[in-house]
1. Yes or no: segment 86-96 includes at least one residue that is assigned to a strand (DSSP E or B), surrounded by 13 or more Cβ atoms within 10 Å (Cβ to Cβ) and under 10 Å from the mean Cα position of the chain (by Cα).
2. Would you check which residues across segment 3-23 are more than 15 Å from residue 64 (Cα to Cα) and in contact (Cβ under 8 Å) with a residue 12 or more places away in the chain and list them?
3. For segment 33-55, give me each residue that is surrounded by fewer than 15 Cβ atoms within 10 Å (Cβ to Cβ), over 22 Å from residue 78 (Cβ atoms) and in contact with a strand residue (DSSP E or B) (Cβ under 7 Å, 6 or more places away or on another chain).
4. Looking only at segment 76-85, filter to residues that are assigned to a strand (DSSP E or B) and without any contact (Cβ under 8 Å) to a residue 12 or more places away in the chain; which one of those is farthest from residue 13 (Cα to Cα)?
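None of the figures in this text is laboratory data; all of them are computed from the coordinates on show. Please read these numbers as outputs of a predicted model, since none were measured by experiment. As a convention, Cβ positions derive from the backbone with ideal geometry for all residues, glycine included, and neighbour counts pool all protein chains shown.
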């Protein structure tokens, strides 16, 4: 995965790379609202578990990249996706359970 950290002299996005392991990718055709209130068609949802996946602050990375005018990209099996949504889901006891990351 790569997260936008800013822009260079020529306004090209600069990135920092991360590796997140033990995730699950599932196809979908869900539509989500984007940051500018536009509809985005998701192609997949990436599930990152609180216990089994590599710990990573998906919401922080997503918000930080957008504040810097950029995006977060995830590459799974050689296919690069753009992160379009990030949702933290909790269990019955209100403990964090997993991330659902919407990809397009």
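1. Checked against the condition, which is being assigned to a strand (DSSP E or B), surrounded by 13 or more Cβ atoms within 10 Å (Cβ to Cβ) and under 10 Å from the mean Cα position of the chain (by Cα), segment 86-96 yields at least one hit.
2. 19, 20, 21, 22, 23
3. 33, 34, 39, 49
4. Selected residue: 79.
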